[in-house]
Amino acid sequence: MKTIVRVILGLIYVFGIYYLALPSPVYPDLSSSTLSDEPGDTWQHLDQKAFYTDKNRQEVIQELQDSFSLQFLPSYRLNYRPEETTQFVREQVPSNYLEEIVYPLRESLFVNGWEPQNSPEWQAVPYNNRLRIEKYNQYYYAKITLRLVESSLWARILIWSLIFPASYFVFKSLKTSIL
C-alpha cells in the first residue's frame, strides 16, 4: 500500500513540475483597441499596458482569457472589488471592475476596467451628459489596464517541492490528534 501511495505521489510531483515548467503564455494585447501612450501606462510601469476600447467587460475578459492561455489547462478568474485596484494594479487608476486571470503557482493577469458611463458617481447624471473617454479625437467606451505578475521557475519549483513535506507533516499531525 505504501508503495502505491509513493508512486502516485511521485507521479503527481512529476506532473506538477511539468505544469510549472511549461512556457508562460504571451502577454496579450486587446484587439480592435488603441494602446495608451500615457506615461503611467508605458515607461513608468513596464509590467503594465493600457488600452482604449469600445468593448464591454464580458468581451474584454473573454478575449483576454482566450489569448492568455496555456495549451490545455484552464485558467481561473477571481473577481475583486474596484477599491483593491491600488493594491493589485497601481494607485490613482479609476476602476469599475478588477479581475484576475490566474494559473495557480504560476502567473496572473490583472484586468482593471474603467467604464465612466457605468460609474456609480455618474448614475444620477443623464446618460448623454456623463463623462466620456476622449483620446486621439475619438470617444471610447472603456479604458482597460493590464498588469502581468510572473514568478521565476525556480521559485515555483521550490514552493511545489515544499508542499509535499509540509502536507506530510500536517497529515501526520492530524492523524495523531484524531487518534
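Residue pairs, Cβ under 6 Å, 6 or more apart or interchain, first in the stretch 97-113 and under 17 Å from GLN48 (Cβ atoms), second part of a strand (DSSP E or B) and among the β-branched types (Val, Ile, Thr). List them.
GLU99/VAL111; SER108/VAL102; SER108/VAL149; LEU109/ILE101; ASN112/THR145; GLY113/ILE144
Hey, can you tell me all the residues within the stretch 67-96 that are part of a helix (DSSP H, G or I) and either farther than 18 Å from ALA50 by Cα or of a type in the set (S, T, N, Q) (or both)?
Selection gives SER67, GLU83, THR85, THR86, GLN87.
Are any residues in the stretch 97-143 buried (at least 16 other Cβ atoms within 10 Å of the Cβ), assigned to a strand (DSSP E or B) and among the polar types (S, T, N, Q), and if so, which ones?
SER108, ASN112
For (1) of a type outside the set (Ser, Thr, Tyr); (2) within 19 Å of GLU100 (Cβ to Cβ); (3) touching a residue at least 12 places away in the same chain (Cβ under 8 Å), each residue gets a yes or a no:
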site	(1), (2), (3)
TYR18	no, no, no
ALA21	yes, no, yes
LEU30	yes, yes, yes
LYS49	yes, yes, yes
PRO74	yes, yes, no
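What is the one condition in (1) among the β-branched types (Val, Ile, Thr); (2) more than 19 Å from LEU98 (Cβ to Cβ); (3) under 26 Å from the mean Cα position of the chain (by Cα) that ILE133 does not satisfy?
Status for ILE133: all satisfied but (2).
Can you pull out the residues in the stretch 113-141 that are in contact with a Pro (Cβ under 8 Å, 6 or more places away or on another chain) and within 22 Å of ILE61 (Cα to Cα)?
Of everything in the stretch 113-141, those that are in contact with a Pro (Cβ under 8 Å, 6 or more places away or on another chain) and within 22 Å of ILE61 (Cα to Cα) turn out to be TRP114, PRO116, SER119, ARG132, ILE133.
Every number in this text was worked out from the coordinates using simple rules, so none of it is lab data. Please read these numbers as outputs of a predicted model, since none were measured by experiment. Note that each Cβ is placed from the backbone with ideal geometry, even for glycine, and that neighbours are counted across all protein chains shown.
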